[in-house]
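Here's the structure we're looking at; comments come further down.
The values are calculated or read from the model by the stated rules, or taken from the named source; none is laboratory data. For clarity, every value in this text was computed on a predicted model and none was experimentally measured. All Cβ positions, glycine included, derive from the backbone under ideal geometry; neighbour counts span all protein chains shown.
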Amino acid sequence: MQEGLLQYGDITEKIIGCAMKVQRFFGGGFPEIIYKKALRIELEKINLSYTSEVEKDIYYEDRFIGKRRLDLFVNDTALVELEAILEVDKVVIIK
């Protein structure tokens, strides 16, 4: 792998593009499931395969430590964890 390039950069770039399209369409304020359904539609449009709500075992060094439900697992390589919030916290910047 060349320095500065992500191993799965082509796939992650496509996923991010799909997510941004969904965000531009809806904006904020919807439940996570709405964004997830729309994102799945966008992934299908560009022929990226995915599994949704799959439970995976989690290991630390060769030891099982728990299970995790994945929002989306795209092309068997990229994990997508969706988070939806009603509004961004206000931050005060003092100059």
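General remarks:
- Here Leu79 meets the list (1) assigned to a loop (DSSP other than H, G, I, E, B); (2) surrounded by 10 or more Cβ atoms within 10 Å (Cβ to Cβ) almost entirely, failing just condition (1).
- Residues in segment 48-71 include at least one that is surrounded by fewer than 13 Cβ atoms within 10 Å (Cβ to Cβ), at pLDDT 95 or above and within 19 Å of Glu13 (Cβ to Cβ).
- Checked against (1) loosely packed, with under 10 Cβ neighbours inside 10 Å; (2) in contact (Cβ under 8 Å) with a residue 12 or more places away in the chain, Leu39 passes all but condition (1).
- Residue within segment 17-26 that is exposed (fewer than 12 other Cβ atoms within 10 Å of the Cβ), modelled with pLDDT under 90, on the phi < 0 side of the Ramachandran plot and not aromatic (Phe, Trp, Tyr) present: no
- Segment 1-16, subset touching a residue at least 12 places away in the same chain (Cβ under 8 Å) and in a helix (DSSP H, G or I), residue surrounded by the most Cβ atoms within 10 Å (Cβ to Cβ): Ile15
- Here Ile33 does not qualify as modelled with pLDDT of 95 or more and surrounded by 10 or more Cβ atoms within 10 Å (Cβ to Cβ).
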